[in-house]
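Step one of this worksheet: look at the structure below.
Laboratory data are not the source of any read-out in this text; all were calculated from the coordinates shown. This structure is a prediction, so every number in the text was calculated from the model and none was measured. Heads up, the Cβs are rebuilt from the backbone with ideal geometry, glycines too, and the neighbour counts pull from every protein chain shown.
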Amino acid sequence: MIISKTPYRISFFGGGSDYPQWYNKYNGSVLSTTIDKHIYITCRHLPNFFEHKFRIIWSKLEQVKNIDQIQHKAVRMLLNELRVKQGLEIHYDGDLPARSGMGSSSCFVVGLSKVLFNLLKIKKNKKQLTDFTINFEHNILKEIVGSQDQTATIYGGFNRINFKKNKIHVKKIKNNNSLNKLNKNLMLIYTGIQRNAPDVAKKYVNTLTIQNKKCINKLIRHVDEGEKIINNGNIDDFGILLNEAWHYKKEISKNISNPKIDDIYKEAKKNGALGGKLLGAGGGGFMLFYIKDNKKKDFLKKNSKLLNIPFNFSDEGSEVIFNHTK
């Protein structure tokens, strides 16, 4: 049996510039961090005395005789891509709900790839695993997703990730004093709206280099500004910058926000938030707010129906936490 543990990520600035439709033509950059919430993938060889050869446990229970019968698209296509022959049982558990803007689909692909490579005794370093999972999602799954989620969850930590055609560079940011202050002043709020990120993204991704070029360039400049604040600025300015970036992001497409999300944002601003944003491609999921630590209790009292998820930044990327194979 092998178990992988893969962190979810929070993206602050630069979202949209990590799509290959953008960075294959222009340079992209994002500022993001992994957090102490994870996806766990358990995988073991399945003895051949069962009637089924593959058992996949996610929101459904699948017991099938061959790979092509597996309904879970990522599992089916990854097993085919790696030419898995032996029967397997694969079990998925997540600390947070899927389709919520936390990069869960890429987390899943990374975590499953991690256990399968270990099971098949194939060695991959972080760069190789990043290249493999990005290629798998873009060119095999044919999903309209960016490249930051795979990179962030594999490398772990608070990073600036720069994208160029055929090249991704991860720059660690290690100002612990500023990061601790920032972490204390952030809140993660679940909207209760689930959506499929590729469905949202496909409505605007092909316009990134045309009518949205100025907007994306501004979002990339926010990465520069955010990094400067972390390194030597007033950490409250990070919250103000989040507010500015959120309004720019909404200009990309009318599908990024909706009246419920706008109402939550207005209420947060009215009760002490300096800024915030919807995480992921848009349409629903989690919202991140910058609210000074001493104002959080009052905010939650006034918004008791909102689900707050306490979290901390984490340094670890995807890892195998248990490996007992024969």
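Applying a threshold of 22 Å to the alpha-carbon distances of Lys73/Lys142; Lys266/Lys305; Lys126/Lys171; Lys218/Lys295; Lys228/Lys292; Lys37/Lys126 flags Lys218/Lys295 as lying beyond it.
Does region 1-123 classify as rounded, prolate or oblate by the C-alpha gyration tensor (a ≥ b ≥ c root eigenvalues; a/c under 1.5 gives rounded; else a/b over b/c gives prolate, otherwise oblate)?
Numbers: a/c = 2.32, a/b = 1.92, b/c = 1.21.
Prolate, because a/c is 1.5 or more and a/b exceeds b/c.
Starting from the Cα gyration tensor of region 270-325, take the square roots of the eigenvalues, sort them a ≥ b ≥ c, and report rounded, prolate or oblate (rounded when a/c is under 1.5, otherwise prolate if a/b is larger than b/c, else oblate).
Prolate shape, in that a/c is at least 1.5 and a/b is the bigger ratio.
By the rule of a C-alpha distance below 14 Å, with chain neighbours fewer than 8 residues away ignored, the aspartates and glutamates paired with Lys60 are Glu89, Asp93.
Under the simplified labelling scheme, the Gln86-Tyr26 pair shows an inter-label distance of 4.9 nm, with each label point 7 Å from Cα along Cα→Cβ.
Provide the FRET efficiency to the nearest 0.05 for the Asn217-Asp262 pair, computing r from the beta carbons and using R0 = 30 Å.
0.75
FRET efficiency for the pair Ile240 and Asn135, taken as 1/(1 + (r/R0)^6) with r the Cβ-Cβ distance and R0 = 35 Å, rounds to 0.40.
Can you compute the FRET efficiency between Glu319 and Lys73 using 1/(1 + (r/R0)^6), with r the Cβ-Cβ distance and R0 = 30 Å? Round to the nearest 0.05. Calculated transfer efficiency: 0.75. Charge dipole (Cα centre; +1 on Lys/Arg Cβ, -1 on Asp/Glu Cβ; no other charges) of region 33-78 amounts to roughly 40 debye.
Multiply the residue separation of Lys301 and Asp95 by 0.36 nm, subtract the distance between their alpha-carbon atoms, and state the gained length in nm to one decimal. Before the final figure, lay out the partial values.
Details: separation 206, 0.36 × 206 = 74.16 nm, distance 2.46 nm.
Stretched fully, the Lys301-Asp95 segment lengthens by 71.7 nm.
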